[in-house]
Amino acid sequence: MAKIKKIIIGNWKMNPATLKEARIIFSKIKKIASLCKKVDTVICPPTLYLSPLFSKSSGGAVALGAQNTSSFEGNGAYTGFVSPSMLKNAGAEFVIIGHSERRREGETDAVINKKILASLSVGLKVIFCVGEKERNHDGHFLEFVKRQIHSGLQGVSKKALPDVLIAYEPVWAIGAENAILPRDLHQMKIFIRKVLSEFFGPNAVEKVPVIYGGTVNPENVETLLLAGEVDGFLVGRESLNSKNFGIILQVAHSLK
Ligand code: PGA
């Protein structure tokens, strides 16, 4: 199987409070990222900060991503929306779609699917978040994740697939005290690959990275990578702490 470069994505959510702080954190992360060449680093700041951070990052070690997009392409009479092409023009290469914090606000699988298709059509790379709310012993959560993947990727062509990353983020592990157990993560990674290859065919999904999000920190990053065998991480809280995020990048860079 082709080796995928590790990808570490910081999701800043609705932080930090000012552009000034954002610039400071971003430039510290950029410095460390430039030394971690075996890792692709992406920061997803609030939409308003994309353009100003982009002007500082062009050609640099950190790519930018948006945290959301409208499902409408181009432009038009959609008050308060920002389209995928506008995000791209503002410097985003990636976009997070289907995060549980947006699903919680009512975003449905059908809307997520439209957003994914609209984003891929303008050449954005999609960080597609899936994950169960809770786990029980009957394995129902596996079916739940499978359904999310099927609905989200409905109509996505094999050709567009290299621009999709699956971010497995069990809702119970986001903003929590503990991350998932590496053994359970590994099991889920295999399951997601199986679902993808049943849907698209085994060759098509070889290059789709499966990453993990939910309480990733400097202490657990190594075991999650080695025993979980994921292709990278979507990091929330610790991505606002440049020192800790830097450690996460360095660990990922130093592992084979
Ligand atoms: P966390 O958030 O790392 O703070 O748990 C992860 C996420 O919501 O993407």
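The values are calculated or read from the model by the stated rules, or taken from the named source; none is laboratory data. Small disclaimer: the values here were computed from a predicted structure and weren't measured. Ideal geometry is used to build each Cβ from the backbone, glycine not excepted, and the neighbour counts take in all protein chains shown. Just so you know, the surface numbers come from the protein's heavy atoms only, side chains and all, with ligands and any DNA or RNA stripped out. Shrake-Rupley method; radii C 1.70, N 1.55, O 1.52, S 1.80 Å.
It is to be established whether one or more residues within segment 122-143 are part of a loop (DSSP other than H, G, I, E, B), within 14 Å of the ligand (Cβ to nearest atom), charged (D, E, K, R) and open to solvent by 10 Å² or more (accessible area, probe 1.4 Å). Taking every residue of segment 122-143 in turn, at least one turns out to be part of a loop (DSSP other than H, G, I, E, B), within 14 Å of the ligand (Cβ to nearest atom), charged (D, E, K, R) and open to solvent by 10 Å² or more (accessible area, probe 1.4 Å). Of the residues making up segment 148-177, those that are crowded, with 20+ Cβ neighbours inside 10 Å and within 15 Å of the ligand (Cβ to nearest atom) number 8.
The set of residues in segment 218-247 that are near the ligand (Cβ under 10 Å from one of its atoms) and either among the aromatic types (Phe, Trp, Tyr) or crowded, with 19+ Cβ neighbours inside 10 Å (or both) comprises Phe233, Leu234, Val235, Gly236, Glu238, Ser239, Leu240.
No other residue among Arg183, Arg193 is under 17 Å from the mean Cα position of the chain (by Cα), surrounded by fewer than 21 Cβ atoms within 10 Å (Cβ to Cβ) and over 20 Å from Leu120 (Cα atoms) apart from Arg193. Consider only pairs whose beta carbons are under 7 Å apart and that are at least six residues apart or on different chains; among these, list those whose first residue lies in segment 218-235 and is within 14 Å of Gln250 (Cβ to Cβ) and whose second residue is among the polar types (S, T, N, Q) and part of a helix (DSSP H, G or I). Going by the 7 Å Cβ cut-off, the qualifying pairs are Pro218/Asn244.
Residues of segment 93-107 that are surrounded by 18 or more Cβ atoms within 10 Å (Cβ to Cβ), under 14 Å from the mean Cα position of the chain (by Cα) and not small (Gly, Ala, Ser): Phe94, Val95, Ile96, Ile97, His99, Glu101. Any idea which of Ala90, Ala110 is touching a residue at least 24 places away in the same chain (Cβ under 8 Å), more than 16 Å from the ligand (Cβ to nearest atom) and open to solvent by 50 Å² or more (accessible area, probe 1.4 Å)? None of the others qualify; the one that does is Ala110.
A Cβ distance below 8 Å, combined with a sequence gap of six or more or placement on separate chains, defines the contacts here; from segment 145-164, residues that are closer than 15 Å to Ile192 by Cβ reach residues that are charged (D, E, K, R) in the pairs Val145/Glu132; Arg147/Asp109; Gln148/Asp109; Ser151/Asp109; Gly152/Asp109; Leu161/Lys207; Val164/Lys125.
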